[in-house]
Amino acid sequence: MSAPADFQHDPSNGGTLQFSGNLSLRAIGDLPERLAAIDGPIVAVDLSAVERIDTVGAWIVHRLARDRGATVSGLSGDSRQLFDQVAAADHPIESPPRPLGAFAAILAEIGEAVMQAFKTLYGLLGFMGATAIAMGRVLANPRRFRFNATVQRFEVVGVTALGIIGLMSFLIGIVIAQQGAVQLRQFGAEVFTINLVGRITLRELGILMTAIMVAGRSGSAFAAQLGTMKLTEEIDAMRTIGVNPMEALVLPRVLAAVLMLPLLGFYASILSIIGGGLLCWIALDIPPITFVQRLREVVPLTDLWVGLVKAPVFGAIIAMAGCYQGMQVESDAEQVGMRTTTAVVQAIFLVIVLDAFFAVFFTEIGWN
């Protein structure tokens, strides 16, 4: 059994301090207090007689040598390496940063949000490019196209959404007609409620509300599905066996959204018109035949084309935003929820921005 930690101080020999025994935690005892009581100079520390030393002992010796300005000698091998590592880890603790003022904190948050927005936009543009490349490869070699996966996405995006989109559109048509009739009655122009319902439904609200519904329903599902697959390393496994995730997972979802959204938008517009016509029949005594005849007179065919042109663009944006956010999941299950929320918000925001752009564009080319 090794002797407990001890030391000999020789002030006459230039202030040499020689340690002996076991410099480990269980054998140190009151060594730190006795070292602190030394009054004479210490210019050298000799550890050649030390039998064993651990991290605690190395720290006590290093702190003593640092505070007294002494040199340390007598160690070799693993003991010397341990002492050097303890000495290298000794650095002053940095003071915490000063808290920002209210104005500076607001500016910092705004700057961080702007940088994050540009970073996300850059990543989304790159993802669109990767999707276009995958589409090009599939067109060059049609045998790579995954028909079954795409048809399944048709069902998820389109068929199973018919009920909720139809109900929503029908009720929106009723609301538009009711609010329009209330306002137009003040001028004795209730008949123009038909104009309002027909034009705003076919041109704007039919496809816009459908896109928002699909973003919340299918865009979130895309992000959650791909995020979970990324988390469980299924996507990495697909790459390992030579399957391109862009072709197998992203492309079917994008194609399904692009092809199904025009159909869903047209379906939503028809049901909105039916809802508006029903309210006009009940509240304004405008029979269905008169409602339909008036629609044919006041609603130009360009309104239908405007909605059908916007629909596939909205579908592509929704699908790509959902897939992109799902592919960004990295570490834990919490990120799946965060990325899913981000995908829905991002898709709805981009849809509204693009809708505003289309509104200006179609007015400039005379489709108004």
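The values are calculated or read from the model by the stated rules, or taken from the named source; none is laboratory data. It should be emphasised that the depicted structure is a prediction, and the values quoted were computed from it without experimental measurement. Heads up, the Cβs are rebuilt from the backbone with ideal geometry, glycines too, and the neighbour counts pull from every protein chain shown. All accessible areas refer to the heavy atoms of the entire protein, side chains included, with ligands and DNA or RNA removed. Shrake-Rupley method; radii C 1.70, N 1.55, O 1.52, S 1.80 Å.
Here the Karplus relation 6.51 cos²θ - 1.76 cosθ + 1.60, evaluated at θ = phi - 60°, turns the backbone of the stretch 234-246 into coupling constants of 5, 5, 5, 5, 4, 5, 5, 8, x, 9, 7, x, 5 Hz, with x for every Gly and Pro.
Placing pseudo-labels 7 Å out from each Cα toward the beta carbon at Ala283 and Phe192 gives an inter-label distance of 1.7 nm. Taking a ≥ b ≥ c as the square roots of the eigenvalues of the Cα gyration tensor, the stretch 62-195 is oblate, since a/c reaches 1.5 or more and a/b is not larger than b/c. Angle of helix 102-140 to the longest C-alpha principal axis of the chain, folded into 0 to 90 degrees and rounded to 10: 70°.
Convex hull of alpha carbon positions in the stretch 1-109: directionally averaged projected area 10.3 nm².
Rounded to the nearest 20 debye, the dipole magnitude of the chain is 1860 debye, with +1 charges on Lys and Arg beta carbons, -1 on Asp and Glu beta carbons, and the Cα centre as origin. Over the chain, accessible surface divided per residue gives 55 Å², non-protein components excluded, 1.4 Å probe.
Convex hull volume per residue, computed on the Cα atoms of the chain, equals 280 Å³.
To put it simply, the accessible area of the chain at a 1.4 Å probe is 65 percent carbon and sulfur. Rounded to the nearest 10 degrees, the inclination of helix 55-68 to the longest alpha-carbon principal axis of the chain is 70 degrees.
Using the Kirkwood radius over C-alpha pairs as Rh, can you work out the diffusion coefficient of the stretch 220-368 via Stokes-Einstein at 4 °C, viscosity 1.567 mPa s, in µm² per second? Approximately 72 µm²/s, per Stokes-Einstein. Trp367 exposes around 80 Å² of accessible area when a 1.4 Å probe is run over every protein chain in place. What the phi angles of the stretch 182-187 give under the Karplus curve with 6.51, -1.76 and 1.60, with θ = phi - 60°, is a coupling list of 4, 6, 6, 5, 5, 10 Hz, glycine and proline written as x.
When the residues Ile365, Ile289 are ordered by accessible surface, computed with a 1.4 Å probe over the protein chains alone, the sequence from largest down reads Ile289, Ile365. On a C-alpha basis, how far is the centre of the stretch 36-107 from the centre of the stretch 206-282 in Å? Whole number, if you could? Here the two parts' Cα centres lie 61 Å apart. Global dimensions of the stretch 153-311 from alpha-carbon coordinates: Rg and Dmax equal 20.1, 70 Å.
Counting only alpha carbon atoms, the long axis of helix 301-327 and the longest principal axis of the chain meet at about 20°. Each of Phe83, Leu124, Pro142 was scored by the projection of its Cα onto the charge dipole of the stretch 54-206, and the greatest displacement toward the positive side belongs to Pro142; charges sit on the C-beta of Lys, Arg, Asp and Glu.
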